[in-house]
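Peer 1: Structure incoming, see below.
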Amino acid sequence: MVELIMAEIMDQSPNLTWDDIAGLDFAKMAIKEAVVWPMLRPDIFTGLRRPPKGILLFGPPGTGKTLIGKCVASQSKSTFFSISASSLTSKWIGDGEKMVRALFAVARVHQPSVIFIDEVDSLLTQRSESEHESSRRIKTEFLVQLDGAAISSEERLLIIGATNRPQELDEAARRRFVKRLYIPLPDYQGRLELLKKLMLNEKHIITEDQFVKIAQISDGYSGADIKNLCSEASLEPIRSLNFNDIQTIQASNVRSLTVDDFQKSLTRVRPSVSPNDLLQYIQWDQIYGSGGS
Ligand SMILES: Nc1ncnc2c1ncn2[C@@H]1O[C@H](COP(=O)(O)OP(=O)(O)OP(=O)(O)O)[C@@H](O)[C@H]1O
């Protein structure tokens with residue numbers, strides 16, 4: 001199991017900087033203060049300043065939650081463990097509980113560590129009658145491990161849970177994720193930043209004003225949607241070629257991307273998050289979130 005964890009779950013060098021994440025200034029600031037600095041200077045962050053051991057990132061899909069997790073690990077010079085909660089219940093059927101225990105044990109050996117758990121809701125949902133005995137055990141083990149990490153002040157272990165369905169977390173899980181940060185859809189500034197970042201290495205003749213226009217029209221798109229938008233637009237210059245040309249053309253002769261290409265891709269790539277879903281996140285944030293967004 002230890003080998004499996006080291007091979008499949010541990011990522012020793014997620015090399016990311018805060019600048020790789022577009023927008024989300026509030027979340028970035030809150031995380032730097034709550035986890036990155038304390039992991040770098042545990043001697044200052046003691047007593048009341050002791051950082052939370054559990055952080056929950058919630059919000060619509062494709063908004064950069066995983067990126068933030070990687071960036072925390074990279075910036076706090078920690079080992080990064082990334083696991084999807086559903087794989088505990090599906091991929092390692094029967095072994096999920098042991099897997100959780102082994103994961104925390106390996107993470108302790110490689111301190112400081114960040115354990116990123118995607119889809120944490122599927123692990124920590126409210127108990128129901130139909131719940132499987134094995135998932136119940138995984139859940140209990142996980143809560144025990146979270147508590148262990150929270151009690152020990154020596155250990156430099158941070159657990160980041162990410163979820164698109166925070167409403168499904170039960171009280172026990174909520175309580176353990178002391179800091180709960182809403183990672184919203186990118187705002188205008190975030191979209192503009194992301195668009196430019198994605199187009200940085202592409203051949204294009206899109207002006208600043210045109211970028212502004214695209215960022216304005218793409219209101220409601222998630223970061224992942226914006227990425228799809230750019231990928232779709234980048235295919236337009238190829239689509240305008242005939243088959244023979246595709247076979248022979250030199251890469252450097254493929255025409256530059258234009259704003260028209262984006263116009264077309266905007267009709268093909270639609271936002272993946274509905275306004276109704278957004279409302280649910282906002283309401284949950286108002287009740288349980290760590291505020292600020
Ligand atoms: N704020 C952002 N800055 C830069 N890239 C972003 C941002 N948000 C999303 N992306 C892009 O979208 C992709 C998906 O983001 P990521 O996997 O971090 O989302 P997520 O919130 O974890 O989604 P899910 O909930 O579906 O796991 C990233 O690989 C990245 O390319």
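The values are calculated or read from the model by the stated rules, or taken from the named source; none is laboratory data. These numbers were taken from a predicted model, which means no experiment stands behind them. Note: ideal-geometry Cβ built from the backbone for every residue, glycine included; neighbour counts use all protein chains shown. Keep in mind that these areas ignore ligands, DNA and RNA; they rest on the heavy atoms of the full protein, side chains included. Shrake-Rupley method; radii C 1.70, N 1.55, O 1.52, S 1.80 Å.
Peer 1: Would you look at the GNM of the chain, springs on alpha carbons closer than 10 Å, and say which of Asn228, Asn164, Asn201 moves the most?
Peer 2: The residue with the greatest mean-square fluctuation here is Asn201.
Peer 1: Quick check: at a probe of 1.4 Å, how many percent of the accessible area of region 188-269 sits on carbon and sulfur atoms? Could you put the intermediate results ahead of the total?
Peer 2: Numbers: 2440 of 4760 Å².
Ligands and nucleic acids excluded, carbon and sulfur reach 51 percent.
Peer 1: So, in Å, what gap is there between the alpha-carbon centers of region 170-210 and region 131-161?
Peer 2: Measuring centre to centre over Cα atoms gives 29 Å.
Peer 1: So for region 188-269, averaging the separation of alpha carbon pairs under 8 Å that are six or more residues apart and normalising by length, what relative contact order in percent results?
Peer 2: Relative contact order comes out at 41 percent.
Peer 1: Hey, another quick one. How long is the gain from Val178 to Glu154 if the chain were fully straight, where each residue apart is worth 0.36 nm and the alpha carbon distance is subtracted?
Peer 2: Working: separation 24, 0.36 × 24 = 8.64 nm, distance 1.83 nm.
Computed gain between Val178 and Glu154 is 6.8 nm.
Peer 1: Of the GluC sites (Glu not before Pro) in region 188-293, which ones lie in a loop per DSSP and count no more than 14 other C-beta atoms within 10 Å?
Peer 2: On the way: sites: Glu193, Glu202, Glu208, Glu232; in loops: Glu202.
Filter output for region 188-293: Glu202.
Peer 1: What relative contact order, as a whole-number percentage, does the chain give when Cα pairs under 8 Å and 6 or more residues apart are counted?
Peer 2: Working: 450 pairs, mean separation 68.6, N = 293.
Reported as a whole number, the value is 23 percent.
Peer 1: I would also like to ask the following. Just list whichever of Lys28/Lys213; Lys70/Lys197; Lys32/Lys227; Lys77/Lys196; Lys65/Lys227 have alpha carbons separated by over 21 Å in the model shown. Working shown, then result.
Peer 2: On the way: Lys28/Lys213 26 Å; Lys70/Lys197 18 Å; Lys32/Lys227 26 Å; Lys77/Lys196 28 Å; Lys65/Lys227 15 Å.
Table pairs above 21 Å Cα-Cα are Lys28/Lys213; Lys32/Lys227; Lys77/Lys196.
Peer 1: Using the scaling law 2.2 N^0.38 Å as the reference, what is the normalised Cα Rg of the chain?
Peer 2: Details: Rg = 21.4 Å, N = 293, 2.2 N^0.38 = 19.0 Å.
Computed over Cα atoms of the chain, the ratio equals 1.13.
Peer 1: Calculated FRET efficiency, Leu241 and Asp187, Cβ-Cβ r, R0 35 Å, to nearest 0.05? Don't jump to the answer; show the numbers that get you there.
Peer 2: Working: r = 37 Å, r/R0 = 1.05.
My answer for the efficiency is 0.45.
Peer 1: Here's a follow-up. Among Val212, Thr163, Val178, pick out the residue whose Cα is farthest towards the positive end of the charge dipole of the chain, where Lys and Arg carry +1 and Asp and Glu carry -1 on C-beta, about the Cα centre.
Peer 2: Farthest towards the positive pole: Val178.
Peer 1: Of Leu16, Asn242, Ile31, whose Cα points farthest to the positive end of the dipole of the chain (charges on the beta-carbon: +1 Lys, Arg; -1 Asp, Glu; origin at the Cα centre)?
Peer 2: So the residue furthest toward the plus end is Ile31.
Peer 1: May I pose another question? What size of dipole, in debye to the nearest 20, comes out for the chain about its Cα centre when the only charges are +1 on Lys and Arg C-beta atoms and -1 on Asp and Glu C-beta atoms? Walk me through the numbers before you get to the answer.
Peer 2: Values: 35 positive and 37 negative charges, 111 e Å.
So the dipole magnitude of the chain works out to roughly 540 debye.
Peer 1: Compute the helix-to-body angle for 188-199: its Cα long axis versus the longest principal axis of the chain, expressed 0 to 90° and rounded to tens.
Peer 2: 70
Peer 1: Determine the distance separating the Cα centre of region 238-258 from the Cα centre of region 25-91; give it in Å without decimals.
Peer 2: So the separation of the two Cα centres works out to 43 Å.
Peer 1: Heavy-atom accessible area per residue, region 147-293, 1.4 Å probe: how many Å²?
Peer 2: With the other protein chains kept in place, region 147-293 gives 55 Å² per residue.
Peer 1: Which FRET efficiency value, to the nearest 0.05, do you get for Gln263 and Asp19 by plugging their Cβ-Cβ distance into 1/(1 + (r/R0)^6) with R0 = 25 Å?
Peer 2: Details: r = 29 Å, r/R0 = 1.15.
E between Gln263 and Asp19, to the nearest 0.05, is 0.30.
Peer 1: Go through region 100-112 residue by residue and turn each phi into a ³J(HN,Hα) via Karplus (6.51, -1.76, 1.60, θ = phi - 60°); whole Hz please, and just put x for glycine and proline.
Peer 2: 4, 4, 5, 4, 5, 5, 5, 4, 5, 5, 9, 4, x
Peer 1: Cα-based Rg (one decimal) and Dmax (whole number) for region 246-293, in Å?
Peer 2: 20.5, 59
Peer 1: Explain nothing, just the number: dipole magnitude of region 188-269 about its Cα centre with +1 on each Lys and Arg Cβ and -1 on each Asp and Glu Cβ, in debye rounded to the nearest 20. Intermediate values should be presented prior to the final figure.
Peer 2: Numbers: 10 positive and 11 negative charges, 22 e Å.
For this selection, approximately 100 debye.
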